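Let me begin by presenting the structure, written as structure tokens, before commenting on it.
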Amino acid sequence: MRSLGAVAVAAMLGTSFAFADDATPPKPMKMDEPMHGEMKKETMKKGDVKKAAEKKKRERKPSTEKEAAGAAKK
Amino acid sequence: MKKRTMETSLAGHSPRLIRSVERRLFLRQGLSLGALAMLSGCNLTDDESVQKVLTRMSRWNDRAQGWLFSQSKLAPEFPETAITKPFPFNAFYSEDEVTIVDGKSYRLELSGLIRDKKPWTLPELYALPQTSQITRHICVEGWSAIGKWSGVRFSDFLARIGADTTAKYIGFECADDYSTSIDMATALHPQTLLTFRFADEILPPKYGFPMKLRIPTKLGFKNPKHIMTMDVTNEYPGGYWEDQGYNWFSGS
């Protein structure tokens, strides 16, 4: 009985420190499918968000690097 | 009878009052111009020059919302009985496509005008003093829901990492490639939380594991989920929906 209790306590402690793990693995996002939700325009695809993120990263890189270099000098 | 102009009717008043009246007049004219643009039909808004004017108006709107924003004005908080069950899932993808972040290898990356850019692990973030709030999430789509979030007050986190709080913006990049950014005044608002729990449980993936920035003074799309990087900057970072023409400030 005591060992069962110890197992239960150990399980509780384990879950309280565990990170969220989904039992079912997610489906990979279908990038060429239309976006979900009401915010989109009709032509928007799920993959547009990834493309926009890559473009933004490229475009912002010079200015953010310049800003970081300026801050490092101070 | 002498015609009353703005100059004659304000003669003798303090410069502060005159500035206030001028600002109101400018606001009214701005709103009239906005209404006119809306009335003129959808085809017009596809034109590039019209888009530029609308973008400029939206940025002016951002500034006006920034002036009106007060860090002492709090969003309403609710009792546990008011919590919406089930809390809606909303993203640009379906629930079975939710991004799964590995909590064990997760690191919150910091960049820009921050003194200590050391990446943060989840146990380190979970060890910070936490607070909870029950507030209403308001979506730009027209629905709202009340939920309970817990995490660290964002202003405390910014102080801890030595963020330059005189900077204008904080940008966020998320694991699902979503991005958004907020103004520093909102970042320092006492109800803006970097949250790790929803309804007293570790944030489930569908609500933004490992962390979501909860801002009850802003619309839902300004509350990024699955945050991976944070950038303190004076260079306007925009965001995914903001770059599509949604109003950037989107708050009260």
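The values are calculated or read from the model by the stated rules, or taken from the named source; none is laboratory data. Note that the structure is a prediction, hence the values are computed from the model and not measured. With ideal geometry, Cβ positions are generated from the backbone for all residues, glycine too; neighbour counts draw on all protein chains shown. Quick note on the areas: whole protein, heavy atoms, side chains included, nothing else; ligands and nucleic acids left out. Shrake-Rupley method; radii C 1.70, N 1.55, O 1.52, S 1.80 Å.
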Item to complete: Sort out which residues of region B:63-80 are small (Gly, Ala, Ser) and open to solvent by less than 80 Å² (accessible area, probe 1.4 Å), and write them in order of number.
Response: B:ALA64, B:GLY66, B:SER70, B:ALA75
Worksheet item: Which one is farthest from B:SER250 (Cα to Cα) among residues in region B:86-98 that are open to solvent by 30 Å² or more (accessible area, probe 1.4 Å) and in contact (Cβ under 8 Å) with a residue 40 or more places away in the chain?
Response: B:GLU95
Discussion item. Based on this model, can you work out whether B:LEU213 counts as away from every other protein chain (no Cβ under 14 Å), open to solvent by less than 10 Å² (accessible area, probe 1.4 Å) and modelled with pLDDT of 95 or more?
Written reply: yes
Fill in: B:LEU122 surrounded by 20 or more Cβ atoms within 10 Å (Cβ to Cβ), assigned by TED's automatic domain parsing to the domain that holds B:MET184 and within 26 Å of B:SER105 (Cα to Cα)
yes
Worksheet item: Restricting the search to region B:188-197, which residues are open to solvent by less than 20 Å² (accessible area, probe 1.4 Å) and either within 13 Å of another protein chain (Cβ to nearest Cβ) or closer than 12 Å to B:GLY151 by Cα (or both)?
Response: B:GLN191, B:THR192, B:LEU193, B:LEU194, B:THR195, B:PHE196
Response to the item:
If we ask which residues in region B:160-187 are away from chain A (no Cβ under 14 Å), open to solvent by 10 Å² or more (accessible area, probe 1.4 Å) and assigned to a strand (DSSP E or B), their number turns out to be 1
Worksheet entry | Number of the condition not met by A:MET31 [criteria: (1) surrounded by fewer than 13 Cβ atoms within 10 Å (Cβ to Cβ); (2) modelled with pLDDT of 50 or more; (3) more than 8 Å from every other protein chain (Cβ to nearest Cβ)] | (1)
Worksheet entry | Matching option when the condition is open to solvent by 60 Å² or more (accessible area, probe 1.4 Å), modelled with pLDDT of 95 or more and of a type outside the set (Lys, Arg), among B:ILE83, B:ILE114, B:ILE146, B:ILE138 | B:ILE138
Worksheet entry | Looking only at region A:34-65, and only at residues there that are facing chain B (nearest Cβ under 9 Å) and open to solvent by 100 Å² or more (accessible area, probe 1.4 Å), the one that is farthest from the chain's Cα centre (by Cα) | A:LYS41
Discussion item. Please go through (1) modelled with pLDDT under 95; (2) surrounded by fewer than 22 Cβ atoms within 10 Å (Cβ to Cβ) for B:GLY251 and return the number of the only condition it doesn't satisfy.
Written reply: (2)
